[in-house]
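Report on the following structure.
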Amino acid sequence: MSRVEGPDPKISFPRESLKAKQARASRILAVLETLYPQAATELAHTNPFELLVATVLSAQATDASVNKATPALFQRYPNAKALAQASPEEVEPYIKTIGLYRAKARNLVMLARQLVERYDGEVPVDKAKLRELPGVGWKTATVVLGAAFGVPGIAVDTHLTRLASRLGLSPHKNPEKIGADLERLFPKEKWVFTHHALILFGRYRCTARRPLCQGCPIYSDCISKGAW
Ligand code: SF4
């Protein structure tokens with residue numbers, strides 16, 4: 001089978017039809033459903049506001065570090081109206097164990113103020129409106145819409161970027177392009193699940209430095225097996 005260059009020099013993509021790639025994606029999805037039937041975000045939250053705040057905090061930080069900080073943060077600022085009245089300096093001590101905490105404190109306060117001014121303190125169920133909020137990009141908006149409201153979408157983080165390449169599902173580096181490729185391969189009703197399940201697979205099995213290829217349940221459908 002002839003192959004083409006992918007985004008990672010270790011990986012060359014097989015030339016395969018969309019139909020063949022969809023068939024591979026379907027088998028990969030079946031494995032993920034067996035492995036992670038309850039796949040969901042690991043960011044602790046009880047409502048869309050908390051999920052939005054936690055997701056903003058999780059940029060370039062681990063979910064575990066965010067989950068350690070948010071209980072006290074949410075107790076002090078339980079909703080957008082409370083957070084909108086704070087100064088960034090007042091928020092900083094609650095999140096100082098998380099990377100980029102000064103910038104994130106500023107963004108969170110401005111975000112809360114905009115939620116209050118524009119949406120009466122509620123999180124809008126609209127990707128364009130979410131993306132206008134400070135600290136909220138395409139990935140955060142897609143995550144929040146999917147996890148809090150069930151709006152279909154495959155948000156692409158570092159794990160999905162790596163896995164899309166290793167599994168030969170997208171040759172792109174740009175997260176929005178990778179997301180579009182993945183959404184062509186997986187059924188729409190499984191997009192949110194696929195996002196969460198691939199994160200878990202990337203976090204605990206196909207890790208960045210040492211993917212656990214031996215005994216991998218996706219081995220036969222992985223184009224980069226043996227490259228590590
Ligand atoms: S075979 Fe290795 S590289 Fe491929 S998905 Fe499994 S762990 Fe990742």
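Quick note: the coordinates plus some simple rules give every number you see, no bench work behind them. In this text, all values refer to a predicted model and were calculated from it rather than measured experimentally. A quick note on method: Cβ atoms are made from the backbone with ideal geometry, for glycine too, and the neighbour counts reach across all protein chains shown.
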Long-range amide H contacts for residue 227: which residues qualify at under 5 Å (H placed 1.01 Å from N, peptide plane, sequence gap of 5 or more or a different chain)?
none
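Magnitude of the Cβ-charge dipole of the chain, K/R +1 and D/E -1, about the Cα centre, nearest 20 debye? Intermediate values should be presented prior to the final figure.
On the way: 32 positive and 21 negative charges, 170 e Å.
Around 820 debye, computed over the chain.
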Distribution output for segment 114-228: share of Cα-Cα pairs per 5 Å bin in percent, first bin at 0, values 2, 12, 20, 21, 16, 11, 8, 5, 3, 2, 0
Sequence-separation-based contact order of segment 48-149, relative, with Cα cut under 8 Å and 6+ spacing, percent:
32
Full-extension gain in nm, residue 8 to residue 68, via 0.36 nm per residue minus C-alpha separation
18.2 nm
Please order 106, 209, 24 by the number of other Cβ within 10 Å, starting at the fewest.
209, 106, 24
List the pairs from 81/129; 104/177; 127/188; 104/190 whose alpha-carbon separation is above 22 Å, in the order I gave them.
104/177; 104/190
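For segment 48-149, state the semi-axes of the equivalent ellipsoid (square roots of 5 times the eigenvalues of the alpha-carbon gyration tensor), sorted largest first and rounded to whole angstrom. Show your work: numbers first, answer last.
Details: eigenvalues 71, 49, 27 Å².
Semi-axes, largest first: 19, 16, 12 Å.
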Mean separation of Cα contacts under 8 Å (at least 6 apart) over the residue count of the chain, i.e. the relative contact order in percent, is 23
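From the alpha carbon gyration tensor of segment 157-210, can you work out the equivalent ellipsoid semi-axes (sqrt of 5 times each eigenvalue) and give them in Å, largest to smallest? Please list the in-between numbers first.
Numbers: eigenvalues 58, 37, 13 Å².
In descending order, the three semi-axes are 17, 14, 8 Å.
Roughly how many debye, to the nearest 20, is the charge dipole of segment 48-149 about its Cα centre, given +1 on each Lys and Arg Cβ, -1 on each Asp and Glu Cβ, and no other charges? Each step should come with its number before you reach the end.
Numbers: 13 positive and 10 negative charges, 44 e Å.
So the dipole magnitude of segment 48-149 works out to roughly 220 debye.
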Rg and Dmax [Cα atoms of the chain; Å; Rg one decimal, Dmax integer]
18.9, 61
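Taking the beta-carbon count within 10 Å as an exposure proxy, list 219, 94 from fewest neighbours to most.
Details: 219 12, 94 22.
Final ranking by Cβ density, sparse to dense: 219, 94.
If each residue's Cβ is checked for other Cβ atoms within 10 Å, how do 213, 206 rank with the fewest at the top?
Least to most surrounded, the residues fall as 213, 206.
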